[in-house]
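The values are calculated or read from the model by the stated rules, or taken from the named source; none is laboratory data. Because the structure is predicted, anything quoted here is derived from the model rather than measured. Positions of Cβ are generated from backbone atoms using ideal geometry, with glycine treated the same way; all protein chains shown enter the neighbour counts. All accessible areas refer to the heavy atoms of the entire protein, side chains included, with ligands and DNA or RNA removed. Shrake-Rupley method; radii C 1.70, N 1.55, O 1.52, S 1.80 Å.
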Amino acid sequence: MGADDNKSQTPRFGYFFSPNAGFWQQAEPKMPKLTTTLRSDKLSAPVKVVYDDRMVPHIFAANTKDAYFAQGYVTASFRLWQMEFQTHVAAGRLAELIGNTKPVVIEMDKKARRMGLPRAAKKAVELWQTDKELFATLQAYCDGVNAYISELNPATYPLEYKLLDYAPELWTVEKSALLLKFMAKDLTGRDEDFHATNAYKLLGAAQFERLYPEYFVEQSPIVQDSFWKFTPINAATAPNAGVNPAFKPSPWVKKDTVKPFLSENIIRESGFEQPAKGIGSNNWAVAPRKTANGKAILANDPHLKLNLPSIWFEIQLQTPEYNTYGASLPGSPSVISGFNEFVAWGVTNVSHDVQDWYKISWKDASKDEYMVDSAYRKSVKVLDTIKVRGAAAVVDTLIYTDFGIVALSQNGEDFALRWIAQEPSLEPLTFMGLNAAKNYEDYKKAISYYSCPAQNIVFAANNGDIAITSQGKLPIRKFRQGKFIQDGSVSANLYQDYIPNEHLPNEYNPAKGFVGSANQHSTNPTYPYYYYGYFEEFRGRYLNQKLASMSGITVADMQKLQNDNYSYRAKDFMPLLLKHLQRATLSKEDLELLALVEKWDYQYQKDAVAPVIFNAWIDKVQSLVYDEITELNVANKLETSSNSRILYPEEWHLLNLLKRDTLNVLFDRVSSPNRETYKDIVTLGFQETYKSLGGYKNIANWATVKSTDINHLARIAAFSFMDLQNDGDKTALNAMTATNGPSWRMVVELGGEAYGIYPGGQSGNVGSFFYGNMVEKWAKGEYYPLLFMKKDTDFADKVLATQMLEK
């Protein structure tokens with residue numbers, strides 16, 4: 001029942017505005033329309049669903065399969081369009097739904113398919129089918145979704161189906177797999193191979209090493225231990241992991257660095273949109289000895305792109321085996337971040353780079369064979385048909401090599417992508433296991449199945465145990481392997497195996513009394529396995545410092561910490577900028593501006609103007625210091641190529657220059673005949689800040705400049721919440737940006753109370769009270785108590801409705 005490719009590319013407006021079948025049907029009173037009783041032969045016993053005053057469903061079932069059937073049914077009844085639309089994006093099927101209304105639509109579909117997500121989802125399903133119990137459980141969720149779809153007719157379709165004029169398809173296990181791959185793309189889709197390769201080529205090896213170091217003095221990693229209780233595997237002794245056994249990689253040592261493939265051509269565009277750099281999260285757990293009530297406390301707030309309908313769907317699942325509550329992902333069973341009667345858990349992104357690119361050397365223009373180790377191998381070609389609504393289908397050719405799928409062609413050169421997300425994995429077993437976990441051993445077993453996107457999975461238990469593990473399928477690499485585009489004619493450039501689970505960075509009941517992560521480096525440089533990635537170091541340093549200094553901790557303290565707007569970035573830079581500023585050269589107007597920022601407390605409060613001045617100042621200083629890079633980008637026509645231009649070094653490189661290397665030649669401007677000093681650059685940066693802000697009067701406050709938006713998935717402005725006036729910054733624990741932020745805040749006292757909130761509401765229906773009823777409270781940093789029911793009669797005064805699903 002998908003979109004008909006022969007339909008017009010525009011919706012039927014008469015149908016859309018029809019009072020009997022159109023958007024008017026979406027209008028709801030405060031109490032949504034619910035089927036009071038559903039009968040299905042897919043159930044083995046009756047299921048009761050209790051809806052509380054925020055429309056959170058509390059599901060009481062006789063077994064897990066029935067619970068997941070009910071989860072599928074109630075989730076679809078609130079979020080069907082969102083669930084399906086995301087799988088269409090992941091599968092490269094947008095043109096099938098909306099036609100080629102813009103040339104970019106078909107290109108988006110091609111990119112999704114060339115990244116290998118649809119094939120990866122199919123391979124995942126094949127793996128899941130080998131575990132009959134797992135697959136039956138996943139199918140039960142699908143049966144529940146389809147039970148809801150079977151109740152629909154064109155008049156009752158969710159609004160977006162009417163707006164875009166298409167019908168829902170039956171849900172399948174493959175769609176759930178696509179959804180998980182879609183999340184993997186968001187969280188591991190960032191890579192800088194093209195940026196780094198261009199930088200290496202244009203700057204040279206020595207300058208590259210100076211500008212792009214991988215560690216810095218101030219970093220405060222997740223795991224701070226330097227004593228590793230295992231013998232690491234090196235690349236020489238690693239098993240072949242299914243790769244051609246003729247491959248003989250060298251041991252991991254720095255002298256065995258994998259060099260980039262330097263094409264004669266500058267790579268002007270990687271062709272793939274980079275996920276926002278601000279995507280990240282916080283999580284932590286504190287031991288009972290640091291809390292006021294003598295109970296462990298766990299907190300989690302994943303920072304993702306803010307969308308409506310909301311990313312998460314709150315739910316409780318109770319069976320005789322477990323009773324779990326938390327945030328679920330619409331389209332996939334289980335609770336992803338939550339708690340049960342015994343334990344709690346939460347997730348943040350590990351942020352290691354797991355995408356590798358290889359330049360393929362073809363035998364000839366047919367691309368039937370490619371060179372590997374002085375011999376030719378055959379490629380595999382697959383004709384891929386992209387349906388286009390209202391137009392002829394487009395046929396693309398997907399080409400597979402031992403180095404991955406050919407994902408990018410440019411200037412007569414082809415590049416293959418090898419990506420962990422393309423491989424089958426067993427993530428559903430992780431969350432099913434966590435939902436039923438009772439202790440640390442259950443936690444470790446559950447997370448052992450988890451591959452991608454790698455997550456820092458934090459844990460706490462009623463007995464006081466706390467732990468964190470950087471869990472995922474992470475390659476055993478040679479030094480710098482995968483950081484650049486690699487030569488695809490050399491088999492040794494492929495990594496051979498993955499870091500064993502027992503060697504992954506982890507902490508269990510550490511002496512410091514807490515564990516936590518904020519997307520910083522997983523370890524210090526003593527960790528024996530090489531890795532690189534895209535880390536946010538300021539939040540992690542602040543989190544570790546705060547948790548170390550706190551005692552007598554309460555749930556309210558943890559809520560306050562999640563909403564903390566203090567920026568270590570500002571704390572690091574502002575004293576240095578003020579110290580090096582040549583005040584005697586400033587004008588009266590410059591000094592007026594300076595007065596607004598020099599006594600700032602480093603808090604990104606919504607009504608403050610100091611954060612606006614500081615951000616503009618540090619941006620100006622950065623562009624002046626690294627003007628050589630700007631010149632190279634302009635000279636090579638890379639300045640508008642966001643995916644392959646030479647990047648500025650990380651901000652901590654600039655911090656190091658201002659603290660320890662003030663005589664560095666980088667402080668001299670290329671365009672000036674004079675020899676500038678670091679003080680000249682800091683001062684000029686401030687003077688240019690004054691000009692860019694238009695003076696010191698009427699500067700917009702931080703909330704106005706940041707202007708956080710929660711956009712509808714289809715980018716329909718009328719269905720979005722725009723220009724929210726809230727605190728926070730990407731470098732603060734309250735990591736709020738224009739489009740990203742805390743997508744779910746949760747604080748759990750083990751054996752006590754739990755609180756949570758997310759930006760949106762339970763319903764995906766824009767006509768419902770429960771579409772965005774939590775946004776205002778979320779923006780203020782407030783929480784709701786999470787009503788953890790042990791019996792279906794609990795919290796009777798908070799119950800809005802009940803629903804029976806019967807055999």
Fill in the blank from the handout: If the chain between residue 448 and residue 214 were fully extended at 0.36 nm per residue, the gain over the current Cα-Cα distance would be 81.4 nm
Fill in the blank from the handout: Within the under-13-Å Cβ sphere about residue 631, not counting residue 631, Lys/Arg +1 and Asp/Glu -1 give a net charge of -1
Exercise for the section: Please state the charge dipole magnitude for the range 658-741, taken about the Cα centre, from unit charges on C-beta atoms (+1 on K and R, -1 on D and E), reported in debye and rounded to the nearest 20. Expected result: 140
Exercise for the section: Give me the lysines in straight-line cross-link reach of residue 162: C-alpha distance below 25 Å, same-chain residues under 8 apart excluded. Expected result: 7, 30, 33, 102, 175, 387
Handout entry: Three-way shape call for the range 487-601 based on the alpha-carbon gyration tensor, with the a/c threshold at 1.5
Key = oblate
Exercise for the section: Could you provide, to the nearest whole Å², the per residue accessible area of the range 665-742 with probe 1.4 Å? Expected result: 43
Problem - Whole-percent carbon and sulfur share, accessible surface of the chain, 1.4 Å - result: 53
Exercise for the section: For each pair in 132/445; 546/790; 730/791; 305/473; 295/780; 444/807, compute the distance between the two Cα atoms and list the pairs where it is over 31 Å. Expected result: 546/790; 730/791; 444/807
Problem - Mean Cα-pair separation over length for the range 611-693, i.e. relative contact order, pairs under 8 Å, 6 or more apart, % - result: 42
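Residues of the range 539-641: accessible area per residue at 1.4 Å, in Å²?
Values: 4280 Å² over 103 residues.
Heavy-atom accessible area per residue stands at 42 Å².
Report, in cubic angstrom per residue, the convex hull volume of the C-alpha atoms of the chain. Mind showing how you got there, number by number?
Details: hull volume 135.6 nm³, N = 807.
For the chain, the hull spanned by Cα atoms encloses 168 Å³ per residue.
Let me know the shape class of the range 28-182, please: from the alpha-carbon gyration tensor, a ≥ b ≥ c as square roots of the eigenvalues, rounded when a/c is under 1.5, otherwise prolate if a/b is greater than b/c, or oblate.
Note, shape of the range 28-182 comes out oblate.
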Problem - Environment charge at residue 504 (Cβ cut-off 15 Å; Lys +1, Arg +1, Asp -1, Glu -1) - result: +1
Handout entry: Cα coordinate range in the range 118-191, projected on the principal axes (Å, largest first)
Key = 39, 36, 16
Exercise for the section: Go through 122/483; 571/697; 599/659; 110/201; 181/620 and tell me which ones have a Cα-Cα distance over 32 Å in this structure. Expected result: 181/620
Problem - R0 of 30 Å, Cβ-Cβ distance residue 798-residue 44: FRET efficiency to nearest 0.05 - result: 0.55
Practice task
Sequence neighbours fewer than 8 away in the same chain don't count; with that in mind, list the lysines whose C-alpha is under 16 Å from residue 777.
Solution key: 560, 606
Exercise for the section: Might you tell me the accessible area per residue for the range 93-176, computed with a 1.4 Å probe and given in Å²? Expected result: 39
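Name the helices (complete DSSP H segments) of the chain with a Cα length along the long axis of 24 Å or more and a Kyte-Doolittle mean of at least 0.0, or state none.
Values: long enough: 64-91 (30 Å, -0.16); 132-149 (25 Å, 0.30).
Sorted by number, the helices that extend far enough and score high enough are 132-149.
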Fill in the blank from the handout: Ranking 352, 785, 124 by how far each Cα lies towards the positive end of the charge dipole of the chain (+1 on Lys and Arg Cβ, -1 on Asp and Glu Cβ), the top one is 352
Fill in the blank from the handout: In the range 654-765, taking the dipole from +1 charges on Lys and Arg beta carbons and -1 charges on Asp and Glu beta carbons about the Cα centre, the listed residue (704, 725, 690) farthest towards the positive end is 690
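Could you tell me the calculated FRET efficiency between residue 579 and residue 102, based on Cβ-Cβ distance and R0 = 60 angstrom, to the nearest 0.05?
My answer for the efficiency is 0.75.
Checking the a/c ratio against 1.5 first, then a/b against b/c, what shape does the Cα gyration tensor give for the range 299-452?
Details: a/c = 3.04, a/b = 2.08, b/c = 1.46.
Judged from the Cα gyration tensor, the range 299-452 comes out prolate (a/c at least 1.5, a/b above b/c).
Taking the Cα centre of the chain as origin, work out the dipole magnitude from +1 charges on Lys and Arg Cβ and -1 charges on Asp and Glu Cβ, in debye rounded to 20. It would help to have the intermediate numbers written out before the result.
Values: 87 positive and 91 negative charges, 60 e Å.
Around 280 debye, computed over the chain.
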Problem - Among 88, 542, 220 the positive-end extreme of the charge dipole of the chain (Cβ point charges) - result: 220
Practice task
Let me have the relative contact order for the range 635-748, percent, based on Cα pairs under 8 Å that are six or more residues apart.
Solution key: 12
Practice task
Take every Cα pair under 8 Å in the range 281-379 that's 6+ residues apart, average their separations, divide by the length, and report that relative contact order as a whole percent.
Solution key: 18
